[in-house]
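Student: Would you mind keeping the following structure in view while I ask a few things?
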Amino acid sequence: MPPATTIAERRTKIDRYLDATLERTDECPLAAVSTMDACPDRWYGQLVCLTHDAIADKPTADAVLPASAAIELLRGYCRLRTELLIQLADNRAHSLTGDPANALLAGDYLNSAAYTALAKTGNHHLEDALQALIAVSESLVDAFDARYVRSADDHSFLDDTVGSIGEGAAVIGITLAGRDITQKEDFATLGRGFSTAYHVRRILNADSDGAVPTIAPPRFDEAALRQHGARHFREATHALDRLSDSADVEPLRNFVNTHCDQDNGF
């Protein structure tokens, strides 16, 4: 069995792959690079690696690095598109003010780059993984429409953005492992639940590194948001517990516990 990969080592590998992806062409907008630099935790890319290795016959995170990069690139697209929609909906000057055309082009670039990266996985189950990535893209578009056109609530927006990307990361990870998965729903639940809870925690802690897609308007009911995150965390933990008899989920559990501490209610 290969030695365990630490969170920091895994993050470094994903960063290197992303750097190589974004530097291969002069067509890459500067806003795309800065957006990816602003999401340093690589939460979703790590989920791809950890869920893959939990059930793979020969686990190695390197085998899914292109897929990890793909989901992180889609995360960058989500962040850029969210900030652009906030800016266009708010005429006041604020920290998100910038050139809408540049933000639009950078978002489109990251969205396209995500599919290009996934295609380089070289896995027999690539088509199924591609369908999972498409499902995430569709969820993001629906979330933007619901939030900024039909004024959906903040909780639904979180579920359908960060939650959807987390679910997609977990599903892509197990899909590329190439085994018949009878517990796909549990993996999907933990990917969505832990991702939503993690980002709720970041909002409550007022992180300022820009990794969380911004909710507009920037006002929320703290108690209700905490309760929402706690519910997702409990559901994801139960799913993880159910998987413990059939999959090696301890590295995944350690990763989650490192990022979602119990002192914040979940």
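The values are calculated or read from the model by the stated rules, or taken from the named source; none is laboratory data. Note that the structure is a prediction, hence the values are computed from the model and not measured. For neighbour counting, all protein chains shown are included, and Cβ atoms are generated from backbone atoms with ideal geometry for every residue, glycine included. Calculation scope for accessible area: heavy atoms of the full protein, side chains included, ligands and nucleic acids excluded. Shrake-Rupley method; radii C 1.70, N 1.55, O 1.52, S 1.80 Å.
Student: HN-Hα J couplings of the stretch 115-124 from phi, Karplus 6.51/-1.76/1.60, θ = phi - 60°, integer Hz, Gly and Pro as x?
Tutor: For the stretch 115-124, the Karplus curve yields 6, 5, 5, 4, 4, 8, 5, x, 10, 5 Hz.
Student: With a 1.4 Å probe and all protein chains left in place, how much of the accessible area of the chain comes from carbon and sulfur atoms, in whole percent?
Tutor: It is 49 percent, rounded to a whole number.
Student: A follow-up question, please. Quick check: convex hull of the Cα atoms in the chain, volume per residue, rounded to a whole Å³?
Tutor: Hull volume over Cα atoms, normalised by residue count, gives 117 Å³.
Student: Can I ask one more? Over the chain, average the accessible area per residue using a 1.4 Å probe and give it in Å², no decimals.
Tutor: That works out to 46 Å² per residue.
Student: Another question, then. How much length, in nm to one decimal, is gained on full extension between ARG16 and ARG150, taken as 0.36 nm per residue of separation minus their Cα-Cα distance? Provide the component values of the computation, followed by the final result.
Tutor: Numbers: separation 134, 0.36 × 134 = 48.24 nm, distance 3.92 nm.
So the extension gain works out to 44.3 nm.
Student: Say the dipole of the chain comes from +1 at the beta carbon of Lys and Arg and -1 at that of Asp and Glu; which of CYS78, VAL171, SER195 then lies farthest toward its positive end?
Tutor: Comparing the listed Cα positions along the dipole, SER195 ranks first.
Student: Over its Cα atoms, what ratio of radius of gyration to 2.2 N^0.38 Å does the stretch 127-209 give?
Tutor: Compared with the compact-globule rule of thumb, the stretch 127-209 sits at 1.18.
Student: Check the straight Cα-Cα distances from LYS13 and name the lysines below 24 Å, setting aside those fewer than 8 residues away within the same chain.
Tutor: List returned: LYS58, LYS120.
Student: Can you give me the P(r) profile for the stretch 157-203? Cα pairs, bins 5 angstrom wide beginning at 0, each as a whole percent.
Tutor: In order of increasing distance, the bins hold 5, 26, 28, 19, 12, 6, 3, 0 percent.
Student: Using θ = phi - 60° and the Karplus form 6.51 cos²θ - 1.76 cosθ + 1.60, what ³J(HN,Hα) does each residue of the stretch 78-86 get, whole Hz, x for Gly and Pro?
Tutor: Calculated HN-Hα couplings, in order: 4, 5, 5, 5, 5, 5, 5, 5, 4 Hz.
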